[in-house]
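Heads up: the structure comes next, in structure tokens.
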Amino acid sequence: MTPIIETKDLTIAFGGHVAVNGVTFSVQKNDFKSIIGPNGAGKTTFFNLLSGQLKPTKGSVFLNGKEITNLSPTERTRRGIGRSFQITNVFPNLTVLENVRLAVQSQAGVRYQMLAHFGKYKRFIEKSLEILKLVLLDNKADALAKNLAHGEKRKLEIAMLLALETEVLLLDEPTAGMSLEEVPAILDVIKQIKAEGNRTIILIEHKMDMILDLSDSVMVLFNGTLLADGTPEEIMNNETVQNAYLGGLYDDNAS
């Protein structure tokens, strides 16, 4: 079976520093894969290569068997890759519903027209409300995005990715900056998306209980290289992985 997303010998160097070094991996359609590793391991850089924010020094990226290495982030989104960032990226002065509706319209190829009748956009609104229900934000549809709590903004960002009908969701630390009280809500959203069974999710996260609960497989990066790839149980019992995390072999202050 052709993986939905795959890399071959993916490498990027900044000057003399190799941030991602020859990483070859693949994810099957509708699987849930987590990427872990100590600080400075290259996780976010790897995501930037998958989503097109960075171009590799060498190596290739494939989506559904077709090479996308040289495609822009926008084109990759059109092909089905959606990326969330550690910092939320929403339109603060629009309502929650309007944020999602604009994404739905964008996917449909319909530009906003100031004088168009409200009813013209009814189907977009209905779809937007369905998505908001999935991410547990339907009760906040009329709220301005800037007035949402941090965790709610993360849910809205995920809703906007879903509105773009992305096949692959790249979630970069979706619980970053959240209070302990906010984490269960975003966890519920990710579980709901997984339960739908029609999207592939690749997650960067530091919370190991979350990773063990959600993941079909876990990939470990260490100093930019692929250290291990297997089931959550295999990774937790992997002595090399334990040494990388616990043996003091890395600079915890690296970015």
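The values are calculated or read from the model by the stated rules, or taken from the named source; none is laboratory data. Small disclaimer: the values here were computed from a predicted structure and weren't measured. Side chains included, ligands, DNA and RNA excluded: accessible areas come from the protein's heavy atoms. Shrake-Rupley method; radii C 1.70, N 1.55, O 1.52, S 1.80 Å.
For the reader, a short list of remarks on this structure follows.
- Antiparallel bridge percentage (DSSP; both residues within the chain; nearest 5): 55
- For the chain, a Gaussian network of Cα nodes joined below 10 Å ranks GLY65, GLY151, GLY42 by mean-square fluctuation, and the top entry is GLY65.
- As an equivalent ellipsoid, the stretch 141-224 spans semi-axes of 22, 16, 12 angstrom, where each value is the square root of five times an eigenvalue of the C-alpha gyration tensor, largest first.
- Accessible area of SER106 in the full protein assembly, 1.4 Å probe (Å², nearest 10): 80
- Per residue solvent-accessible surface (Å²) - the stretch 147-242, probe of 1.4 Å: 40
- Looking at the stretch 1-98, the accessible area is 45 square angstrom per residue; that uses a 1.4 Å probe and ignores ligands, DNA and RNA.
- Once the gyration tensor of the Cα atoms in the chain is diagonalised, the equivalent ellipsoid follows with semi-axes of 33, 21, 16 Å, ordered largest first.
- Here the scattering of the stretch 35-85 is modelled by Debye summation over its C-alpha atoms, one equal scatterer each and no solvent; at q = 0.19 Å⁻¹ the log10 of I(q)/I(0) is -0.63.
- Per-atom-type breakdown for the stretch 1-111 gives carbon and sulfur 48% of the accessible area (1.4 Å probe, protein chains only).
- The Cα trace of the stretch 142-182 gives Rg and Dmax of 11.3, 30 Å, the first to one decimal, the second as a whole number.
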